[in-house]
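Reviewing the structure listed below.
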C-alpha cells in the first residue's frame, strides 16, 4: 500500500511541479543526490563485517564493489552465483562419513548431513575400502543422521551397491529418515538393498 501511495504521489508531483523543476539549481539537485546516496550506503554495516563469516564478507564486499564499478544488475547476478557456490561448499563441508568399525568380513560407516552433488566425493573412501577388501564384505551404513539425499547422492550409493555386490558382499542401510527413504523408494533402489 505504501508503494502505491508513493508512486501516485510522485506522479502528481511530476505532473504538477514539472514546470517548476526548471528553476531548481543543478548544484542543489546534486547535493540532494549525494545526501541520498550517502544514506543508502549504510556504512555502519561495514563496521559489523568484522563479526561476520568469511563467506558473508566475500558476498557483501563483492556485491558492493561490483555495484560501484559496473551496475546493480551485474552485482546481483555475480552475488547470487557467489552465494550459491559458497552455500554448496558450506553444505558439502558439513557432510561427513565416519568409519565406525572395520573387520575382514564387515565395514560399518555412519553418514552425517546431506548427501548431494557437492558431497558425493566423500563416499570415495568407502569405495576404496570395498575395492581393496576380500570377497563377501558386508558394508553397513548407519544413515540415521542422513538428512537429505539428491539424485547424485543416490547415484553414488547405487555405484557403491554395485561395487559391493560384484564382490559378493551386501550393502545394509540402517535408520533411514523420511526424505532419503522416499528418494530410494521412488528410484527402486531400496528394494535392492537390505534396510533395518
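The values are calculated or read from the model by the stated rules, or taken from the named source; none is laboratory data. Since we're looking at a predicted model, the values are computed, not measured. Reconstructed Cβ throughout: ideal geometry from the backbone, glycine too, with neighbour counts over all protein chains shown.
Would you call residue 58 at pLDDT 90 or above and surrounded by 10 or more Cβ atoms within 10 Å (Cβ to Cβ)? Spelling it out, it is not the case that residue 58 is at pLDDT 90 or above and surrounded by 10 or more Cβ atoms within 10 Å (Cβ to Cβ). Within the range 64-86, which residues are closer than 27 Å to residue 119 by Cα and surrounded by 15 or more Cβ atoms within 10 Å (Cβ to Cβ)? Matches in the range 64-86: 78, 79, 82, 83, 86.
So is residue 9 outside the structural domain of residue 118 (by TED's automatic domain parsing) and in contact with a helix residue (DSSP H, G or I) (Cβ under 7 Å, 6 or more places away or on another chain) or not? Answer is no for this residue. Scanning the range 18-35 for residues that are surrounded by 10 or more Cβ atoms within 10 Å (Cβ to Cβ) and under 27 Å from residue 64 (Cα atoms) yields a count of 7. Checked against (1) at pLDDT 90 or above; (2) over 30 Å from residue 138 (Cα atoms), residue 102 passes all but condition (2).
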